[in-house]
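*Asks:* Just dropping this structure here.
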Amino acid sequence: MSSAVFRRRLIRLEQAVRAKQATAILDASDEDMLREFEELGRQGYFREEPDFPVALENYRQALATSPKSCPASASSPEANQAFFWMYELLDRVRRAIPPVTAAEFGELQAWFTAHDARLSQLSMPSQMLDLGDGHRIAPGNVRYDLRKGPRAIGAGEVAQIVRRLKVLFG
């Protein structure tokens, strides 16, 4: 077996293990999830995500300040939002979606806002823009997703769309 074939197989095996670890997180308590995220961080799972340390600390703080009167199955809204940010990072790594920092997301939002009217006009009459490779998007959907912010589930995907829009229509 060549070293290139061996490396590809090893990469696929590592990805499968990470995916299994990531799936196990969803069945755990908040404290268990925090420990899992911390462990995945120590293992380098989030090494490509620059905002991981901030997101992890945000989750840790949200759990620490969460009312202890909540039943074990319920979390505070702050803890839920912090979890969703962690889950977004996890999902991006698992699905090989390039990272996006909060700062870059803000820049992408600003670019889209500055070009929104022109993109909407270019999308007429179907209200869809062709991204190539058979992908089409509606500027209104991008606008809506960007408003959710960099910590929302799907932030990585919308960042990819805006990056592509910049290349095509910049």
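The values are calculated or read from the model by the stated rules, or taken from the named source; none is laboratory data. Just so we're clear, the structure is a prediction, and the values are computed from it rather than from any experiment. Cβ atoms come from the backbone with ideal geometry, glycine included; neighbour counts cover every protein chain shown.
*Asks:* For region 81-116, which residues satisfy the criterion of being more than 26 Å from residue 43 (Cβ to Cβ) and crowded, with 17+ Cβ neighbours inside 10 Å?
*Replies:* Passing the criteria: 108, 109, 112, 115.
*Asks:* Just one of the numbered conditions (1) in contact with a Gly (Cβ under 9 Å, 6 or more places away or on another chain); (2) modelled with pLDDT of 95 or more is not true of residue 104; which one?
*Replies:* Answer for residue 104: the failing condition is (1).
*Asks:* Restricting to region 135-170, and then to whatever is of a type in the set (D, E, K, R) and in contact (Cβ under 8 Å) with a residue 40 or more places away in the chain, can you tell me which residue is surrounded by the most Cβ atoms within 10 Å (Cβ to Cβ)?
*Replies:* 151
*Asks:* Filtering region 48-67 down to residues that are outside any helix (DSSP H, G or I) and over 14 Å from residue 101 (Cβ atoms), which residue is modelled with the lowest pLDDT?
*Replies:* 67
Each row is one residue, and each column tells you yes or no for (1) within 28 Å of residue 33 (Cα to Cα); (2) in contact with a Phe, Trp or Tyr (Cβ under 7 Å, 6 or more places away or on another chain); (3) in the same structural domain as residue 50 (by TED's automatic domain parsing).
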site: 78; (1), (2), (3): yes, no, yes
site: 82; (1), (2), (3): yes, yes, yes
site: 112; (1), (2), (3): no, no, no
site: 116; (1), (2), (3): no, no, no
site: 126; (1), (2), (3): no, no, no
site: 141; (1), (2), (3): no, no, no
site: 157; (1), (2), (3): yes, no, no
site: 162; (1), (2), (3): no, yes, no
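*Asks:* Turning to a different aspect of this structure: So in region 123-155, with the set limited to residues that are in a loop (DSSP other than H, G, I, E, B) and basic (Lys, Arg), which one is farthest from the chain's Cα centre (by Cα)?
*Replies:* 148
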